[in-house]
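Written below as C-alpha cells is the structure these notes are about.
The values are calculated or read from the model by the stated rules, or taken from the named source; none is laboratory data. Given the structure is predicted, the values throughout are model-derived calculations rather than measurements. Here Cβ is always computed from backbone atoms with ideal geometry, including for glycine, and neighbour counts include all displayed protein chains.
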Amino acid sequence: MKFQEKDHLYGNNNNKKQMIPKLILTAIFVTILVLVTPLSYPFFGSSLLVMMNKSKQLPSSSSSSSSPNIEQETLPSTSLKTCDIFSGEWVPNPKAPYYTNKTCWAIHEHQNCMKYGRPDSDFMKWRWKPNECELPIFNPFQFLEIVRGKSMAFVGDSVGRNHMQSLICLLSRVEWPIDVSYTKDDYFMRWKYPSYNFTMAVYWTPFLVKTKQESSDGPTHTGLYNIYLDEFDEKWTSEIEDFDYVIINGGHWFQKPMVFYEKGKIVGCHYCLLENVTDLTMYYGYRKAFRTAFRALNSLENFKGVTFLRTFAPSHFENGIWNQGGNCVRTKPFKSNEARLEGTNMELYMIQLEEYKISQKWAKRNGLKIRLLDTTQSMLLRPDGHPSRYGHLPGENVTLYNDCVHWCLPGPIDTWNDFLLEMLKMEIVKSKRERRQIYS
C-alpha cells in the first residue's frame, strides 16, 4: 500500500515515460486552440452581438398596459431607418393614454374633455402606424436628452398651444417645468425644465403677421381684422432669434373676415363686405402670411435654429358649420379610405406645401433648415378627437360653440409629439452625416 501511495504521489520511471507523449499532445492541442480561436472570433462574436441586441429589444415582462415601462434610451445612431412616417393608419393602442387629466395640470379647460363629462374614452386608445415602418411611442427621457441645453418655440394659433400643452403633459412623467414667463399674458408663456436646461415658449399669433382688430363684430359677428401681409409680427419675430427649434402653424383664423394691406394700402379682403374692396378670398391672405413669416425667419441675422412647419389640422364639423349647429360626435377614427382631403382643407394644405418649398430655397442660401411636420393626413382621420361640447359644464352660461377644431387631452394630438421626437432624431442623424462628409 505504501509503495502504491508513493507511486501515486511521485510517480515512477515507467509513468514518466508514459506521460511524455501526453504532454506533447496537450501542448499541441493548446497551441491549435490559441491559434484558431482568434480567427473564429468574428463569427462567434457577431452571433453573440446579434443575440445581445435581440435580448435588449425584448420588452420587459414587468411592464403593464396601464403604466408602461419608460426607459432612458440613448441617442440614435446614424443607422436610424427612414420612411414616410406621415402616411399610415390609426391602430388600437390599449396602453394609452400615458397621462390623464388628473395627473397633468397643463390641460386647457376647453380641451379637458374627461373633466367635463365626455362619456367615451376609446378615442384616447389609438396610435399612428406608418405604412412602411413603426413610429415609436413618445419617450420623455429621450426627448429631454436630445433637447438638453436648448429651446423650442411654438408660434401660431391656439392649436399650436394645444400641441405645447400635450408636450408638457407627456414630459411630466420625467419633470415638471417652472414658469419663467416675461409676462402674465397667457398667450406668451415660457417654461423651463431645470434638470435639462430646456426652455419651451408659446407665441400666440393666429395670422403670423402684423394684425389689428378693426371691429369685434364684423360681417359674421366674429370680428373684422386688418392683416398687414408684408409686415412682420414683432411680438414673436423680435424674440425668436435665439431659439433652437421653432414650430410654426396657422389656419383656422383665416376663415374670419379680413382686410388685406400691402405697403400700407388696402389691396383686397376676405368676406369684408366693404364697398369698392375686392374679395381676394382667404387663400390669398393665407399664402402671403406664410411667405412673410418664413421671410422673417430667414432675415434674422443670428437665427440658426431648425424650423418645423406643422401643417393644417382639419376640423370635423358635421350637420352645420361651426356657428350654425355643427358638431363632431363620432367615437372612432376613419380608415384612410373613408376620408379624403378636399375643398378648403385641400387648398390650405397645398398652399402650405408650396410655400414650404419656396422657403426651403431661401433657407439653403442662408444655411438654415426648414422641415415639414405633416399632421394633415393623420388628423383628417380623427373626427373623434375633438372636445365638442365637453369643454365646459353642461349648464354653464358660456358663448362657446361645439369645438371641433381643438383636440382633447389626452387624445390624438399626443401623436404630434411622436412625430416631433422622430424628426429630432432624424436631425441628429443628418447632422452626423453632414459632419462626416465635411471631414471625409
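Annotations for the structure displayed:
- Pairs linking a residue in region 214-234 that is at positive phi and crowded, with 17+ Cβ neighbours inside 10 Å to a residue that is aromatic (Phe, Trp, Tyr) and assigned to a strand (DSSP E or B), with Cβ atoms under 9 Å and 6 or more positions apart or on different chains, are Gly218/Tyr225.
- Residue in region 341-348 that is loosely packed, with under 13 Cβ neighbours inside 10 Å, modelled with pLDDT of 95 or more, assigned by TED's automatic domain parsing to the domain that holds Thr220 and acidic (Asp, Glu) present: yes
- Residues of region 331-368 satisfying the condition of being closer than 26 Å to Leu300 by Cβ and assigned to a loop (DSSP other than H, G, I, E, B): Gly367, Leu368
- Any hit, region 152-165, residues being in the same structural domain as Pro333 (by TED's automatic domain parsing) and in a loop (DSSP other than H, G, I, E, B): yes
- Per the listing Ser79, Ser66, Ser121, the residue uniquely more than 30 Å from Ser431 (Cα to Cα) and at pLDDT below 95 is Ser66.
- The single condition among (1) out of contact with any helix residue (DSSP H, G or I) (no Cβ under 7 Å at 6 or more places or on another chain); (2) within 16 Å of Ser299 (Cα to Cα) that Gly264 does not satisfy is (2).
- When Ile358 is tested against (1) more than 27 Å from Lys129 (Cβ to Cβ); (2) within 22 Å of the chain's Cα centre (by Cα); (3) surrounded by fewer than 17 Cβ atoms within 10 Å (Cβ to Cβ), exactly one condition is not met: (2).
- Checked against the criteria, Leu208 does not count as aliphatic (A, V, I, L, M), touching a helix residue (DSSP H, G or I) at 6+ places or on another chain (Cβ under 8 Å) and more than 25 Å from Glu234 (Cα to Cα).
- Region 369-396 - residue that is at pLDDT 95 or above, in a loop (DSSP other than H, G, I, E, B) and not acidic (Asp, Glu) and, of those, surrounded by the most Cβ atoms within 10 Å (Cβ to Cβ): Gly385
- The residue list Ile247, Ile266 contains one member that is in a strand (DSSP E or B), touching a Leu at 6+ places or on another chain (Cβ under 8 Å) and assigned by TED's automatic domain parsing to the domain that holds Leu353, which is Ile247.
- Residue selected from region 86-126 under the condition free of Cβ contacts under 8 Å to residues at least 12 places away in the same chain and not hydroxyl-bearing (Ser, Thr, Tyr), by the criterion surrounded by the fewest Cβ atoms within 10 Å (Cβ to Cβ): Pro119
- Residue match in region 286-302 (condition: surrounded by fewer than 14 Cβ atoms within 10 Å (Cβ to Cβ) and part of a loop (DSSP other than H, G, I, E, B)): yes
- Scanning region 207-220 for residues that are more than 35 Å from the chain's Cα centre (by Cα) and either farther than 21 Å from Glu275 by Cβ or not hydroxyl-bearing (Ser, Thr, Tyr) (or both) returns Glu214, Asp217, Gly218, Pro219.
- Residue within region 321-330 that is in contact with a Gly (Cβ under 6 Å, 6 or more places away or on another chain), at pLDDT 95 or above and assigned by TED's automatic domain parsing to the domain that holds Ala153 present: no
- From the list Phe334, Phe317, the one residue that fits, being among the aromatic types (Phe, Trp, Tyr) and in contact with a Pro (Cβ under 8 Å, 6 or more places away or on another chain), is Phe334.
- Assessment of region 116-137 against the conditions (of a type in the set (Val, Ile, Thr) and assigned to a loop (DSSP other than H, G, I, E, B)) yields at least one matching residue.
- Filtering Thr237, Thr211 for residues that are free of Cβ contacts under 8 Å to residues at least 24 places away in the same chain, crowded, with 16+ Cβ neighbours inside 10 Å and more than 30 Å from Cys104 (Cβ to Cβ) leaves a single hit, Thr211.
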